[in-house]
Amino acid sequence: MLRSERFQRMTAYCGKARLDAVIRSLHDLGALHILDHRKDEQADIGEPLADAPMLSDLLIKISSIANFLNMDLKKAMMGSNDFDFQYTKDKIEKLFHKVSHLQDEEKALKETKKLLDDQEQQRSFLDSLGLRPESFTGLTKVASFIAKAKSLPERADIEKISENYELASTPHRDSHSIALFFEADKAEQIRALMTRYNAVEMDIQEGLPGHDRIKSDLEANRKQLAELELKRVDVAKKVRRFLKRSEFYIKQELDKAQAPLRFATTDKAIRITGYIPVSAVEDAKKTLEKITDGNILMEFKEPGSKDNVPIRLDNPDASRPFEFFMRLYTLPSYKELDPTSIMFLTFPFFFGFMLGDMGYGVTTMILFLILKKYIPSLRDLLNVMIAASIGTIVFGALFGEVFGMEVLFGYQLPHVLSRAHQITELLILSLIVGAIHINFGLILGFINELHHGFWTAVNEKISWMILQAAALLIYFGPRPVGYALLALTVFMLYRAEGVKGIVELPSIFGNILSYSRLMALGLASVMLAMIINEKSGEMFAAGGFGIVGGILTILIGHSINIALGMLGPFLHSLRLHYVEFFGKFYKGGGLVYRPFGERRS
Amino acid sequence: MVDVNTGLIALGAGLAIAGSAIAAAIAEKDIGTAAIGAMAEKEELFGKGLILTVIPETIVIFGLVIAIMIIGMAH
């Protein structure tokens, strides 16, 4: 519970001929965290199995199909767990063929559409000039220049080149559409002139169809595109789950096929190294011996002190949601205590201490229960928050508060401590809680440091506890004993951490004082609630519209206070753990356990 | 009408909160900016960034404690 799962380091040697079978059974076991081999003088890395390129190709096809079908496979469901490799492979090939076909079809239709749009544009351009294309295409002696220009060409300029010409123009938005007809042998000069006017020549397609024809073609094109879209949606709906399933299983197959890249390989043999949970060792031994007919050499030993062992947290069901906080921060290293189960007790305690109101507790609990139903992906966090709500209700009972009220329907709620009236007591209580929490952290730190030797652990952690005793003695007496203890602490910390330890002497008191936030946040929350109640009470007393205002004040005010009350206590409770508590014993930096053949979907 | 002494006490308490709140805000501004920057590079840093950002909050809480102690003088 307070330790992550224990592992053994496995090293296995076997002949290359057994490689395939060994990989397959390791994958089925799904327990070995493989330590990737790096090429060295003794051994190279292996080569992927023969079907790896084919599998990668299939995966690429799957993603290209999904891409064409506008599908996000990450969000898709698997449907069932049926998987038959040959069938899947054939179906993917067929599907890929079909989709490529659809893709070509779509491309062609889009090109047609572009062409038709162009024609439509040319047609309306000519229409605006009152021209018909049949009237000037195919002429030999007469040339035409159809263009858009910012300003109209001066007739005098054209006449300098040739007297025989015809100019038609019409204003079009902020420019002019112009059509100029002239003798074919003057084409070069006319074009040069037009360039001076910045005229952009329109390319008029030969045999431009009529308006009606273009319109009906466009309509037909639109229909075909819509049909294609329907087909696409239809196919997508049919193959969504199949694709997801195929992707999942083919990825697994590819993992297997590429596994040799992670093993040390010589001409004839391979070596597989990794970490395996102690609970899976026997199973692995039996399976591998059976599959290789005993032609395998396996070694299992305790991980060394320098090994970077992967971490799988091992907590009872109740506290498992709190592993969320460890993943959010950093996983414990293999040698450290896993504080998840401690947080399971202390997090709701702090949260409840700060929010501490039966009304708020019940409200947030209902809210989180509903959210849990609708957002399953946040289950862990919401379970944590439900635990925190229970803490809030318990403390609400101790403080005798319901929505900031201590008196309900004329009945004084019983309380152990009234937050609004016993502020000093609340502050002292907060600091006592802090001192207990911090010293508990120091004890955990002491246990964590034990493997460095008993006296090192004493110097590093117990010294801080002696320091607190020294401070108490200096304050309450007998003072000489206090000073003696202080000197002892300085000596111990110097031994443990050098000058840095002495410089940090006051930090422990800062840490404990930091727990005064338990009082501060609670007080802020109560005060706000009381003000809301008081103001709405005044409004109710006024009657009339005041009653509406009063109801609104209560609803909005308490909603805001609850929102603040979830955010503040959550963050501060977390902070008290991460900074003050973890600072005393936790280093973290653990590696996530990723077994070969892990089922992820 | 409260007497001047009580008013001065209230003013003192207000100053304790105001000063520490501004200090915390300045500190959190810088840390928050850096944390967002780090998160843009590596999203897993959200947890650490969040915690680092609220660390200076302690300053306000000390301010509040002092303010409450000052108000205690009025009684």
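For region B:59-73, state whether one or more residues are farther than 30 Å from B:Asp3 by Cβ, modelled with pLDDT of 85 or more and either within 13 Å of chain A (Cβ to nearest Cβ) or in contact with a strand residue (DSSP E or B) (Cβ under 9 Å, 6 or more places away or on another chain) (or both). Yes. A single entry from A:Ser124, A:Ser144 fulfils the requirement of being in the same structural domain as A:Tyr197 (by TED's automatic domain parsing), surrounded by 13 or more Cβ atoms within 10 Å (Cβ to Cβ), under 28 Å from A:Gln224 (Cα atoms) and at pLDDT 80 or above: A:Ser124. The helices (runs of 4 or more DSSP H) falling completely within region A:334-438 that include 3 or more residues that are within 14 Å of another protein chain (Cβ to nearest Cβ) map to A:340-355, A:379-399. May I ask you to verify whether A:Glu183 is touching a residue at least 40 places away in the same chain (Cβ under 8 Å) and over 60 Å from the mean Cα position of the chain (by Cα)? The answer is yes for A:Glu183. Which of the helices (runs of 4 or more DSSP H) contained wholly in region A:483-601 include at least 1 residues that are more than 14 Å from chain B (Cβ to nearest Cβ) and either modelled with pLDDT under 85 or under 25 Å from A:Met385 (Cβ atoms) (or both)? Those helices (runs of 4 or more DSSP H) span A:499-503, A:517-542, A:545-575. Taken over region A:223-261, the residue count meeting the criterion of being β-branched (Val, Ile, Thr) and under 30 Å from A:Arg271 (Cβ atoms) is 1. So, of the residues in region B:5-27 that are aliphatic (A, V, I, L, M) and over 24 Å from B:Ile55 (Cβ atoms), which turns out to be surrounded by the most Cβ atoms within 10 Å (Cβ to Cβ)? The selected residue is B:Ala13. Can you find even one residue in region B:16-38 that is touching a residue at least 60 places away in the same chain (Cβ under 8 Å), closer than 24 Å to A:Leu518 by Cα and more than 13 Å from every other protein chain (Cβ to nearest Cβ)? No - not one qualifying residue is present in region B:16-38.
The number of residues in region A:54-76 that are in contact with a helix residue (DSSP H, G or I) (Cβ under 6 Å, 6 or more places away or on another chain) and part of a loop (DSSP other than H, G, I, E, B) comes to 3. Of the strands (runs of 3 or more DSSP E) contained entirely in region A:97-213, those carrying at least 3 residues that are hydroxyl-bearing (Ser, Thr, Tyr) fall at A:165-172.
For A:Ser305, indicate whether it is over 23 Å from A:Phe596 (Cα atoms) and crowded, with 16+ Cβ neighbours inside 10 Å. It is false that A:Ser305 is over 23 Å from A:Phe596 (Cα atoms) and crowded, with 16+ Cβ neighbours inside 10 Å.
As a summary of the residue check, A:Ile270 satisfies the conditions (1) surrounded by fewer than 21 Cβ atoms within 10 Å (Cβ to Cβ); (2) not in a loop (DSSP other than H, G, I, E, B) except for the one numbered (1). Scanning region B:39-58 for residues that are within 11 Å of chain A (Cβ to nearest Cβ), assigned to a helix (DSSP H, G or I) and not basic (Lys, Arg) turns up B:Glu44, B:Leu45, B:Phe46, B:Gly47, B:Gly49, B:Leu50, B:Ile51, B:Leu52, B:Thr53, B:Val54, B:Glu57, B:Thr58. Filtering region A:51-72 for residues that are surrounded by 15 or more Cβ atoms within 10 Å (Cβ to Cβ), over 30 Å from A:Ile296 (Cβ atoms), at pLDDT below 85 and in contact with a Phe, Trp or Tyr (Cβ under 7 Å, 6 or more places away or on another chain) leaves an empty set.
The values are calculated or read from the model by the stated rules, or taken from the named source; none is laboratory data. All values derive from a computational prediction rather than experimental measurement. With ideal geometry, Cβ positions are generated from the backbone for all residues, glycine too; neighbour counts draw on all protein chains shown.
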